[in-house]
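Right, one structure below, let's go through it.
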């Protein structure tokens, strides 16, 4: 019997998190989960995101019930369960004890790239919207409580060399790398959240990872404090990146 693996990939918005989910879903042994705490986040914060009502209707919103399910039996007889999580969904007071039962990975991205992308879609007022501080909090919590360093992967490294970076990532997780992770069929997936209709147009038209191109624009001065705070976190996590 194949060993069962539950992966929690912790990211923030405007990263390559959905492309990474596509990559893992294209494996023959993997089932994926798309942002299972999104409805909980929307209800608790009152944030008005696109497809807010549809999202709340589509998901269980009780934190404890969701977290208990995520460490239970893997759906559809899969042997690998890839869970795409947004760190900003981890609100203060939420119990994160369950995370120690999974293989935790942290997908990071240069804050400059994140801010430039995020600010096109939403009004940016605090770093909490971007998930960096929540990423570092969970990383340090897991590191201190388990005595092991969680896996960190930089989206830039994935885009620059998908095969090499994903091979190292799979080795760290303890699963074999397969070539199917490098490309996938175009179009939507049944596993996508209902919010995909607003957010996933680019990934739905893709068949693989888009090569990295550095943005030349500068982050507006009004975001300088947010950028500085997030850069501190990014540099801290980057030190643990699997390519270092």
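Filter region 89-128 for residues that are within 23 Å of residue 23 (Cα to Cα) and outside any helix (DSSP H, G or I) and give the result.
Matches in region 89-128: 102, 103, 104, 105, 106, 107, 108, 109, 110.
Can you confirm whether residue 87 is closer than 24 Å to residue 46 by Cα and surrounded by fewer than 19 Cβ atoms within 10 Å (Cβ to Cβ)?
Answer is no for this residue.
Name every residue in region 75-88 that is within 16 Å of residue 104 (Cα to Cα) and either out of contact with any helix residue (DSSP H, G or I) (no Cβ under 8 Å at 6 or more places or on another chain) or part of a loop (DSSP other than H, G, I, E, B) (or both), in order of residue number.
The one that is within 16 Å of residue 104 (Cα to Cα) and either out of contact with any helix residue (DSSP H, G or I) (no Cβ under 8 Å at 6 or more places or on another chain) or part of a loop (DSSP other than H, G, I, E, B) (or both): 85.
Identify, please: which residue in region 75-84 is over 19 Å from the mean Cα position of the chain (by Cα) and on the phi < 0 side of the Ramachandran plot and is, among those, surrounded by the fewest Cβ atoms within 10 Å (Cβ to Cβ)?
75
Restricting to region 35-65, give me the number of residues that are part of a loop (DSSP other than H, G, I, E, B), closer than 17 Å to residue 95 by Cα and in contact (Cβ under 8 Å) with a residue 60 or more places away in the chain.
1
Among the residues of region 1-34, write down those that are in contact with a helix residue (DSSP H, G or I) (Cβ under 6 Å, 6 or more places away or on another chain), assigned to a loop (DSSP other than H, G, I, E, B) and under 19 Å from residue 151 (Cβ atoms).
12, 15, 16, 27 - these are the residues of region 1-34 that are in contact with a helix residue (DSSP H, G or I) (Cβ under 6 Å, 6 or more places away or on another chain), assigned to a loop (DSSP other than H, G, I, E, B) and under 19 Å from residue 151 (Cβ atoms).
Which of (1) at pLDDT below 95; (2) in a helix (DSSP H, G or I) does residue 215 not meet, given it meets every other one?
(2)
Select from region 187-212 the residues that are more than 24 Å from residue 128 (Cα to Cα), outside any helix (DSSP H, G or I) and touching a residue at least 24 places away in the same chain (Cβ under 8 Å) and list them in ascending order.
The answer is 189, 191, 192, 206, 207, 208, 209, 210, 211, 212.
Confirm whether residue 226 is in contact (Cβ under 8 Å) with a residue 60 or more places away in the chain, surrounded by 13 or more Cβ atoms within 10 Å (Cβ to Cβ) and under 17 Å from residue 115 (Cβ atoms).
Criteria met by residue 226.
So residue 46 ticks every box in (1) at positive phi; (2) within 15 Å of the chain's Cα centre (by Cα) but one. Which box is left unticked?
Single failed check for residue 46: (2).
Regarding residue 180, is this residue exposed (fewer than 15 other Cβ atoms within 10 Å of the Cβ), closer than 17 Å to residue 82 by Cβ and modelled with pLDDT of 95 or more?
So residue 180 does not fit the description; no.
Out of region 166-186, which residues are under 21 Å from residue 10 (Cβ atoms) and assigned to a helix (DSSP H, G or I)?
166, 167, 168, 169, 170, 171, 172, 173, 181 - these are the residues of region 166-186 that are under 21 Å from residue 10 (Cβ atoms) and assigned to a helix (DSSP H, G or I).
From the residues in region 133-165 that are assigned to a loop (DSSP other than H, G, I, E, B) and without any contact (Cβ under 8 Å) to a residue 40 or more places away in the chain, which one is farthest from the chain's Cα centre (by Cα)?
Step by step, filter region 133-165, then rank; the result is 147.
From the list 128, 119, which one is more than 18 Å from residue 38 (Cβ to Cβ) and at pLDDT below 95?
When all the criteria are applied, what remains is 119.
Scan region 188-205 and give yes if some residue there is surrounded by fewer than 19 Cβ atoms within 10 Å (Cβ to Cβ) and touching a strand residue (DSSP E or B) at 6+ places or on another chain (Cβ under 6 Å), otherwise no.
Within region 188-205, one or more residues are surrounded by fewer than 19 Cβ atoms within 10 Å (Cβ to Cβ) and touching a strand residue (DSSP E or B) at 6+ places or on another chain (Cβ under 6 Å).
The values are calculated or read from the model by the stated rules, or taken from the named source; none is laboratory data. Values in this document were obtained by computation on a predicted structure and should not be read as measured data. Please note: Cβ atoms are built from the backbone with ideal geometry, for glycine as well, and neighbour counts cover all protein chains shown.
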